[in-house]
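Undergrad: Pasting a structure here, questions to come.
The values are calculated or read from the model by the stated rules, or taken from the named source; none is laboratory data. Just so you know, these numbers come straight off a predicted model, no measurement behind them. Because the Cβ atoms are built from the backbone with ideal geometry, glycine has one as well, and the counts that use them run over all protein chains shown.
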Amino acid sequence: MAEDYRQMWTELGLDLPSHDALLGVLGQAYGDIYLAQKDRPEGMQYFDFVMSEVHGLRIKELRDAQGNDRKVIGSFCVFVPEELILAVDGISVGLCAGTEFGFDKAEEVLPRNTCALIKSAFGFKLGKVCPYVESSDMIVGENTCDGKKKSYEILKDLVNNLFVLDLPQMKSEAGKALLKAEYQRFAKALEELSGKKITMERLKKGIELVNLKRKAIHRLSDLRKNNPVPISGLDALLINQVFFYDDPVRFTASVHKICDELEDRVKQGQGFRAKETPRILVAGCPMAVPNWKTPWIIESSGAVIVGEESCVGERGTQWLTDESGDTVDKLMDNLVERYFQIDCAVFTPNPTRLEHIKELAKKYHAQGVLHYNLQFCQPYQIETGPVEKALEDEGIPVLRIDTDYSQEDAGQIKTRVEAFIERIGDGR
Ligand code: SF4
Ligand code: SF4
């Protein structure tokens, strides 16, 4: 760490020995997985820096902003509109966690057969190791899967200010009306917390900022269509993960900067791997920092990941919000239209997701799709069947992986991934 942040972490109530252990594990994994890659784009240095300061400088920035009357809003889902948070001059941070740290404590309040994403969020809170949770002025939960929905009933007594957003489960007109009513209720809660009114101008500015961030990611995604692909899937995933933590303006500029460099690489025919490298699309559950196990296995087995059909990826970033409109109500409608398109597996039925995965596989010239499930995630695990069928009907091979945050199954996953890569590499 560039500075000594221990005083800050103590003030936030972190358990310093546990937190040191977490940073140790994170640093080791980052070195082994990220820094060990060859010929990374220079632009990744910025994202390496963000990661090295993810519990340091960024937290200091959040605290400084709070000193200037800004509020920090933590959330667990891409259905929480950052546009509304920006409209009250707030700062949005992602709280999803990707390591099994603190699972023993989480399992004291949650069943063991809860998905790793939920257990990890509880482990971070109960183990007092997450400065983002402790810095949040409001935490937003959402009624998506049953695991999250019910766990918020427990979380509400563990954190200061939990706001639970109800979400529709069907893509109907009634569902859309519910989403709008809930976004209005959330907007009001944000206004009360911040003491700032959401005006048309502020909301429009928020929409523009988030759209710019998404457009930068779209540019990065487009570059990954090239063969050879100019950036590793691991690095692209990291950029998508940093999307949830960084200052939006700085993030957007940094993504464009690396895209300039990647464009040069494409012009020179320079790739992360040779042209013949098998190309894989990853689909399924979100991968929160530092959940890099499966992508690392894929790329260390000789393939390249060309896209993510995931909330840490295209499902979270693909649509822009319409910026036109002269009233708050019209802009709220635009937000609802944009977010209502998200095809999370908690919706039933969810046919657009199947179409979308097929489109992505073709757009990124993927030779196969790896469907990634967290164990005990019923929505995505059950939806894997229809996804497999839809892809196989198109002649696109699929590999289904059900896993968690432990390393115990890494060898077994590697064996299956290697066999899959061999199969798609042969065009069989
Ligand atoms: S997978 Fe569903 S519940 Fe999870 S972050 Fe995405 S939209 Fe939210
Ligand atoms: S991964 Fe699945 S079970 Fe876990 S929080 Fe997301 S939707 Fe729920």
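Undergrad: Could you say which residue among Leu391, Leu320, Leu399, Leu354 is away from ligand 1 (no atom under 15 Å from the Cβ) and within 19 Å of the chain's Cα centre (by Cα)?
TA: Values: Leu391 fails: within 19 Å of the chain's Cα centre (by Cα); Leu399 fails: within 19 Å of the chain's Cα centre (by Cα); Leu354 fails: within 19 Å of the chain's Cα centre (by Cα).
Testing whether each residue is away from ligand 1 (no atom under 15 Å from the Cβ) and within 19 Å of the chain's Cα centre (by Cα) leaves just Leu320.
Undergrad: Which ones in the stretch 341-357 are surrounded by fewer than 18 Cβ atoms within 10 Å (Cβ to Cβ) and more than 16 Å from ligand 2 (Cβ to nearest atom)?
TA: Once the filter is applied, which keeps residues that are surrounded by fewer than 18 Cβ atoms within 10 Å (Cβ to Cβ) and more than 16 Å from ligand 2 (Cβ to nearest atom), the stretch 341-357 yields Gln341, Pro349, Pro351, Thr352, Glu355.
Undergrad: Of all residues in the stretch 294-310, count the ones that are crowded, with 24+ Cβ neighbours inside 10 Å and under 18 Å from Gln381 (Cα atoms).
TA: Qualifying residue count for the region: 2.
Undergrad: I've got another one for you. Mind checking which residues of the stretch 186-218 are basic (Lys, Arg) and under 17 Å from Lys71 (Cβ atoms)? Write out each step before concluding.
TA: First, the residues of the stretch 186-218 that are basic (Lys, Arg): 188, 196-197, 202, 204-205, 213-215.
Passing the criteria: Lys188, Lys196, Lys197, Arg202, Lys205.
Undergrad: A further question follows. Would you confirm whether or not the stretch 333-341 contains a residue that is within 15 Å of ligand 1 (Cβ to nearest atom), part of a helix (DSSP H, G or I) and without any contact (Cβ under 8 Å) to a residue 24 or more places away in the chain?
TA: yes
Undergrad: Any chance the stretch 191-204 includes a residue that's more than 30 Å from Asp404 (Cα to Cα) and under 22 Å from the mean Cα position of the chain (by Cα)?
TA: Within the stretch 191-204, the subset more than 30 Å from Asp404 (Cα to Cα) is 191-204.
Those left that are additionally under 22 Å from the mean Cα position of the chain (by Cα): none.
So far as the stretch 191-204 goes, no, none of its residues is more than 30 Å from Asp404 (Cα to Cα) and under 22 Å from the mean Cα position of the chain (by Cα).
Undergrad: In the stretch 273-282, is there at least one residue being of a type in the set (Asp, Glu) and closer than 30 Å to Glu383 by Cα?
TA: no
Undergrad: Further, regarding this structure: Enumerate the pairs (first residue in the stretch 279-293 and surrounded by fewer than 23 Cβ atoms within 10 Å (Cβ to Cβ); second residue anywhere and at pLDDT 95 or above and not hydrophobic (A, V, I, L, M, F, W, C)) with beta-carbon separation below 6 Å, excluding pairs fewer than 6 apart on the same chain, so at least 6 apart or on different chains.
TA: Ala288/Gly98; Val289/Gly98; Val289/Gln241
Undergrad: Is the stretch 370-382 home to any residue that is away from ligand 1 (no atom under 16 Å from the Cβ) and either part of a helix (DSSP H, G or I) or under 28 Å from Ala29 (Cβ atoms) (or both)?
TA: yes
Undergrad: Given the conditions (1) surrounded by fewer than 17 Cβ atoms within 10 Å (Cβ to Cβ); (2) at pLDDT 95 or above, and given that Asn160 satisfies all but one, which numbered condition is not satisfied?
TA: (2)
Undergrad: What are the residue pairs meeting all of these: first residue in the stretch 135-152, first residue of a type in the set (Lys, Arg) and within 12 Å of ligand 1 (Cβ to nearest atom), second residue in a loop (DSSP other than H, G, I, E, B) and at pLDDT 95 or above, Cβ atoms under 8 Å, and 6 or more apart or on different chains?
TA: What qualifies is Lys148/Phe76; Lys148/Cys77; Lys149/Asn143.
Undergrad: Let me ask something else about it. Could you list all residues from the stretch 277-324 that are at positive phi and within 16 Å of ligand 2 (Cβ to nearest atom)?
TA: Gly284, Gly313
Undergrad: Would you be able to tell me the number of residues in the stretch 40-95 that are hydrophobic (A, V, I, L, M, F, W, C), farther than 16 Å from Asp137 by Cα and without any contact (Cβ under 8 Å) to a residue 40 or more places away in the chain?
TA: So the answer is 1.
Undergrad: Just the residues that are surrounded by 24 or more Cβ atoms within 10 Å (Cβ to Cβ), more than 12 Å from ligand 2 (Cβ to nearest atom) and within 21 Å of the chain's Cα centre (by Cα), please, taken from the stretch 103-132.
TA: Across the stretch 103-132, the qualifying residues are Gly123, Phe124, Val129, Cys130, Pro131.
Undergrad: Can you name the residue in the stretch 274-288 that is within 29 Å of Cys115 (Cα to Cα) and either under 13 Å from the mean Cα position of the chain (by Cα) or charged (D, E, K, R) (or both) and is also farthest from ligand 1 (Cβ to nearest atom) among such residues?
TA: Looking at residues that are within 29 Å of Cys115 (Cα to Cα) and either under 13 Å from the mean Cα position of the chain (by Cα) or charged (D, E, K, R) (or both), I get Arg279.
Undergrad: Here's another thing I want to ask about it. Just checking: which of the helices (runs of 4 or more DSSP H) contained wholly in the stretch 1-106 hold 2 or more residues that are closer than 29 Å to Ser406 by Cα?
TA: 6-11, 16-30, 44-52, 57-67
Undergrad: Just checking, how many residues over the stretch 260-273 are modelled with pLDDT of 95 or more and either within 19 Å of Glu422 (Cα to Cα) or under 20 Å from the mean Cα position of the chain (by Cα) (or both)?
TA: Of the residues in the stretch 260-273, 0 are modelled with pLDDT of 95 or more and either within 19 Å of Glu422 (Cα to Cα) or under 20 Å from the mean Cα position of the chain (by Cα) (or both).
Undergrad: Hey, another quick one. So in the stretch 201-229, with the set limited to residues that are of a type outside the set (S, T, N, Q) and in a loop (DSSP other than H, G, I, E, B), which one is surrounded by the fewest Cβ atoms within 10 Å (Cβ to Cβ)? Steps first, please.
TA: So in the stretch 201-229, the residues of a type outside the set (S, T, N, Q) come out as 201-210, 212-220, 222-225, 228-229.
Those left that are additionally in a loop (DSSP other than H, G, I, E, B): 224-225, 228-229.
Working: Arg224: 24, Lys225: 14, Pro228: 17, Val229: 26.
Checking each candidate, the answer is Lys225.
Undergrad: Then there's this: Could you check how many residues of the stretch 71-81 are under 25 Å from Lys60 (Cβ atoms) and either within 13 Å of ligand 1 (Cβ to nearest atom) or among the small types (Gly, Ala, Ser) (or both)?
TA: Count: 4.
Undergrad: Could you list all residues from the stretch 146-184 that are closer than 29 Å to Asp329 by Cα, assigned to a loop (DSSP other than H, G, I, E, B) and of a type in the set (A, V, I, L, M, F, W, C)?
TA: Leu167, Met170
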